[in-house]
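Written below as structure tokens is the structure these notes are about.
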Amino acid sequence: MTIAITRAVPESIAHCELTHLARQPIDYAVASRQHAAYERALEALGCAIVRLPTLNDRPDSVFVEDVAIVVDELAILTHPGATTRREEVSSAKAALARFRPIASIEAPATIDGGDVLRIGRTIWVGLSSRTNRQAIDRLTTLLAPHGYEVRPVAVHGCLHLKSAVTALPDGAVLANPLAIDVSFFAEVVEIDSREPSAANVLTVGTTVLCAAAHPRTNERLAQRGYTLRTVDASELAKAEGALTCCSILIE
Ligand code: CIR
């Protein structure tokens, strides 16, 4: 069974970090309802939810993806690029230690899990405002002995690598060609250019969990034969969060 690690929306969500979006009011109740529906969708797709402790005074703590990188062999605790997010990491350690040996990335390296995309034995790492070269070097040291190749990718105009590209069930990727060099990837489905945030989808088994806000891109995926499930993630999108950000999947 796949484990999905999640954390509740904190009451302070309206004070989240923002990099590319202008601040808009975020309704805590709506965000919590949508997050609960996201968890239910993961359960319907066969995941068992493991909730981390709620951190009401950490505005971005619902975005658990950023605090750890999990591969088959180990879980790597991150050192997030935003100083306000560093206290989120320690409270994920106990839950992750149930499933994997723990390693960590420390200063001066900074990295958010949202910048890490695994496809087979390749670990693509976004060089973004949150993730630096020292983190890529440390990840290489940790993962090369397990047979992974760590490859940097420059990211433009969005928060994380996975704002620009995510994995589809068959090894292809869904990508925004304006934000990354898509020639790195063997098979690419491009998003509809009118939906610049559409590249973040969450593959669970053979299903692609998509945000309802991107109907044109979702239709493109459906026409290519992918099985889709759609959730409304509009409230956390105002915090620059998307679908991969709210869980860590452990096979
Ligand atoms: C942040 O700026 O850190 C949060 N407001 C959004 C984090 C989204 N996380 C993700 O894409 N992995």
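The figures follow:
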item: Segments 74-82, 152-160, 96-104 sorted - mean Cβ within 10 Å per residue, highest first; result: 74-82, 152-160, 96-104
item: The range 171-241: equivalent-ellipsoid semi-axes (sqrt of 5 x gyration tensor eigenvalues, Cα, Å); result: 18, 16, 11
item: Charge sum, other residues only, whose C-beta stays under 15 Å from Gly120's C-beta, Lys/Arg counted +1 and Asp/Glu -1; result: -3
item: Cα gyration tensor, the range 99-174 - rounded (a/c under 1.5), prolate or oblate; result: oblate
item: Whole-Å semi-axes of the ellipsoid equivalent to the chain (Cα gyration tensor, √5λ, descending); result: 23, 22, 18
item: The range 13-62 - convex hull of alpha carbons, volume per residue in Å³; result: 93
item: Viscosity 1.306 mPa s, temperature 10 °C, Stokes-Einstein D of the range 82-134 from Kirkwood C-alpha radius, µm²/s; result: 126
item: Under the Debye formula (equal points on every Cα, no solvent term), log10 I(q)/I(0) of the range 6-125 at q = 0.10 Å⁻¹; result: -0.33
item: Listed residue (Gly147, Pro10, Gln34) projecting farthest to the positive dipole end of the range 1-151, Cβ model; result: Gly147
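The numbers here are math on the coordinates, done by the rules we state, and not lab data. Remember, it's a predicted structure, so these values are computed and weren't measured experimentally. Please note: Cβ atoms are built from the backbone with ideal geometry, for glycine as well, and neighbour counts cover all protein chains shown.
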